[in-house]
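These notes are about the structure you will find just below.
Any read-out appearing in this document is the output of simple, stated calculations on the displayed coordinates, not a laboratory observation. Computed from a predicted structure; not experimentally measured. No Cβ is skipped: glycine too gets one built from the backbone with ideal geometry, and neighbour counts run over all protein chains shown.
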Amino acid sequence: MKYYTMLPREMNEYPTPSMPVNTESREAYEKWAEEARAKLSDLLGIGKMRYCDPEPQLLSCEQLDGYRREKWLLQTEKDIWMPLYLLIPDGIQPGEKRPLVLCPHGHSGTKDATSGTVSFPEMEQNIAVHFYDYGRQAVKRGFVAVCPDARGHGERRETDMQGDEARQRLSCSCAWLNHMAIPLGRCVAGMWAWDLMRLTDWAITLPFVDRDRVACIGLSGGGLQTLYFTALDTRVRYAAVSGYFYGFRESLLEMHNCSCNYVPHLWEYFDVGELGALIAPRPMTIETGDMDPLNGKSGLANVIPYVEQVKKVFALYGREDDLCHDIFHGPHKWHGQASMDRLEKYIKA
């Protein structure tokens with residue numbers, strides 16, 4: 001049987017972003033950033049979502065080695081609930097406020113992975129292979145860390161993936177959600193960004209959290225969430241994006257990825273460099289494994305030019321050192337060395 005594909009034609013017609021970052025001057029960049037942030041918000045469907053009372057509910061509390069793990073339930077839209085772990089370090093004094101680190105997870109991970117909660121053997125292996133417990137790493141360094149389940153994952157899986165088999169517990173409902181969301185003017189990436197915004201609204205009201213020292217760190221799909229959320233929400237003062245910074249054509253068009261990566265009309269306006277530029281000049285670390293297959297067929301050549309694009313914005317402000325590209329030898333995983341050290345440098349101080 002012979003098959004006929006549409007992709008070669010679509011690849012040849014892949015658009016040049018119509019809103020490229022403007023680095024002619026600070027004024028030009030800031031005007032571009034205002035317009036680009038509004039366009040990105042529109043593409044993600046943020047305006048389709050509505051505020052509601054978060055109605056936070058404390059479900060459980062457990063004292064662990066050096067920190068307390070609380071499980072909470074939070075409403076991010078009417079009747080849309082987000083379960084999360086709040087990790088609180090021991091030793092917080094009355095009146096003291098600690099920095100807040102949001103720790104969104106990626107695929108084959110949940111709040112259990114980022115919080116280091118071993119709920120079943122496959123999750124234990126997942127944490128070990130991907131060095132996935134960066135929420136637990138953060139609380140061990142004295143930060144307040146919050147580890148939510150993203151829509152379609154963990155306790156938020158839809159009916160297509162609900163169940164207790166390992167295949168189901170490590171899988172997600174991204175495709176199901178995006179199919180339902182796109183006709184309504186929404187998308188998974190936008191809903192994830194919205195949820196992190198509403199999570200931040202609640203977390204910065206906690207008496208031991210410093211609302212002026214907020215960070216977001218994430219691997220893979222957690223890097224996706226960190227990238228979009230931080231691009232939109234300027235309350236985030238530091239971001240670490242791991243395993244999710246590469247040219248979209250090679251890594252998302254030529255190489256099919258999870259449905260959560262696909263935002264209607266995004267590529268007509270932006271590539272990954274523009275999203276990173278919306279974070280600048282706030283301190284940022286980008287982690288890239290030199291053996292990560294998601295980098296695309298060109299490998300680092302599909303990563304470095306986009307990092308250089310972001311670096312031009314930092315240069316406008318004389319803050320080149322506030323952008324770190326940590327290229328490490330290895331596969332798709334959280335590296336954490338530069339990311340966590342710089343978290344302390346920029347957020348704990």
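Annotations for the structure displayed:
- Under-24-angstrom lysine pairs by C-alpha in region 34-147, whenever the two are 8 or more apart or on separate chains: 9
- Close Lys pairs in region 270-349 (alpha-carbon distance under 26 Å; sequence gap of 8 or more, or different chains): 9.
- In terms of its alpha-carbon gyration tensor, region 293-349 comes out oblate; a/c meets the 1.5 threshold, while b/c is at least as large as a/b.
- Equivalent ellipsoid semi-axes - Cα gyration tensor, the chain, angstrom: 29, 25, 20
- Listed residues Val129, Asn22, Trp267: farthest to the positive end of the dipole of region 22-348 (Cβ charges): Asn22
- In this entry, region 226-309 is assigned a mean projected area of 5.3 nm², taken as a quarter of its C-alpha convex hull surface.
- Region 22-348, relative contact order in percent, only Cα pairs under 8 angstrom and at least six apart counted: 17
- Computed FRET value (nearest 0.05) for Gln162 with Arg319, which takes r as the C-beta separation and R₀ as 41 Å: 0.35
- Percent antiparallel among DSSP beta bridges (both partners in region 22-348, rounded to 5): 50
- Mean-position separation - Cα centroids, region 257-311 and region 133-157, in angstrom: 23
- Radius 14 Å from Cβ of Phe131, net charge of other residues (Lys, Arg +1; Asp, Glu -1): -2
- Whole-number percent relative contact order across region 1-120, with pairs defined as alpha carbons under 8 Å at least 6 apart: 13
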